[in-house]
Amino acid sequence: MEFLPRPNLPDSAVHTMLISGQYPFLRRDLEGLGIGVLLTEPSAVLPEPVRYHPDLVCAHLGGERFLLAAPGLEPAFARLGARIVHPLCPPGGCYPSDTALCGGRLGQYLFCRSASTDPALLGSGEVLPVRQGYAKCSILPVNERSLITGDPSIAAAAKKAGLEVLEIHPGFIRLEGYDTGFIGGCGGLLGPDRLYLTGKLRHPDRDAILAFTRQRGVSVVEGSASCLVDAGSLLPLTQRG
């Protein structure tokens, strides 16, 4: 077992993921796939609909380094051998203050709303500024050069950087308390060739999503929920050596 050298991009089968503790089906799905899980607890400082979201309290900086704003998770991360960095600007309150750790890493790049992003995360990659504070929630990585998003500012920044982008229709994703959730909050890579989604891919761009992933050698594993659920991303922590 080893930490992922590159955030969100496993080189081999994932061993451990950080997932929302709000939805028991996520744990059942992933453990059924042979993946260990760490579960978030509700944060008292985040808005209630997103109080369990992993991508608001944890940002992988690469290797064993994690930016973590969830004291209850620190013992579990320490047991894995992680090096914990405490944020200088802890997330909390309403948008955009809750997005301090929600920058989206893809390879060398960090998509983020710079003004509301913690300095430690800003220093972890080449910054691609976007309007969307919930950048990690809005990016579904497929590989180092490819992503899926429903956010126009992220799609534009990614294309300008030479990345391959599938821009989908926003909406059609469940997030209690909001009109819709974001596609990045609905999944995570289980390995270099497997992408887990939280529920059935009932989305008008289903065929385009499946074609985009298939063309890159990535198969989609649909979770047990009846539709896509924004669970605040599923963050791969360690992989099998």
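Just so it is clear, none of the values below were taken in a lab; they were calculated from the coordinates. The structure presented is a predicted model; accordingly, all values stated were derived computationally and were not measured. Ideal geometry is used to build each Cβ from the backbone, glycine not excepted, and the neighbour counts take in all protein chains shown.
Assorted remarks:
- Extension gain (nm, one decimal) between ASP193 and SER114, 0.36 nm per residue minus Cα-Cα: 25.3 nm
- The modelled label-to-label distance for the pair ASP207/ALA156, using points 7 Å beyond Cα in the direction of Cβ, is 3.0 nm.
- Charge dipole of the range 88-157 (Cα centre as origin; +1 on each Lys and Arg Cβ, -1 on each Asp and Glu Cβ, all else neutral): 80 debye, rounded to the nearest 20.
- Top positive-direction residue, dipole computed over the range 1-132 with Cβ charges, set LEU110, VAL57, GLY92: LEU110
- Antiparallel DSSP beta bridges within the chain, as percent of all bridges there, nearest 5: 50
- Spatial separation of Cα centroids for the range 1-77 and the range 152-183, in angstrom: 21
- Stretch gain in nm, segment LYS200-SER97, where the contour uses 0.36 nm per residue and the Cα spacing is subtracted: 33.9 nm
- Long-range HN-HN contacts of LEU106 with modeled amide H, under 5 Å: PHE111
- Across all directions, the shadow cast by the convex hull of the range 111-234 built on its C-alpha atoms averages 7.5 square nanometres.
- Gaussian network model of the chain, springs between alpha carbon atoms under 10 Å - residue of ASP193, ASP205, ASP118 with greatest fluctuation: ASP205
- Across VAL221, VAL45, VAL57, mean-square fluctuation computed from a Gaussian network of the chain (C-alpha pairs under 10 Å connected) peaks at VAL45.
- Placing pseudo-labels 7 Å out from each Cα toward the beta carbon at GLU74 and ARG216 gives an inter-label distance of 3.6 nm.
- Efficiency of FRET from Cβ geometry, ARG240 and VAL45, R₀ 41 Å, rounded to 0.05: 0.75
- In the frame of its principal axes, the range 1-91 has Cα extents of 34, 29, 21 Å, reported largest first.
- As a ratio to 2.2 N^0.38 Å, the alpha-carbon radius of gyration computed for the chain takes the value 0.90.
- Rounded Å value of the spacing that divides the Cα centres of the range 194-241 and the range 104-143: 20
- Segment HIS169-VAL85, extension gain: residue separation times 0.36 nm, minus the distance between their alpha carbons: 26.7 nm
- Within the chain: Cβ-based charge dipole about Cα centre, in debye rounded to nearest 20 (Lys, Arg +1; Asp, Glu -1): 280
- For the chain, with +1 on Lys and Arg beta carbons and -1 on Asp and Glu, the positive-most of GLY32, CYS137, LEU175 along the dipole: GLY32
- The magnitude of the dipole of the range 1-127, with charges of +1 and -1 set on the Cβ of Lys/Arg and Asp/Glu and taken from the Cα centre, is near 40 debye.
- Using the Karplus relation 6.51 cos²θ - 1.76 cosθ + 1.60 with θ = phi - 60°, the per-residue 3J(HN,Hα) values for the range 142-147 come to 10, 7, 4, 10, 9, 8 Hz, with x marking Gly and Pro.
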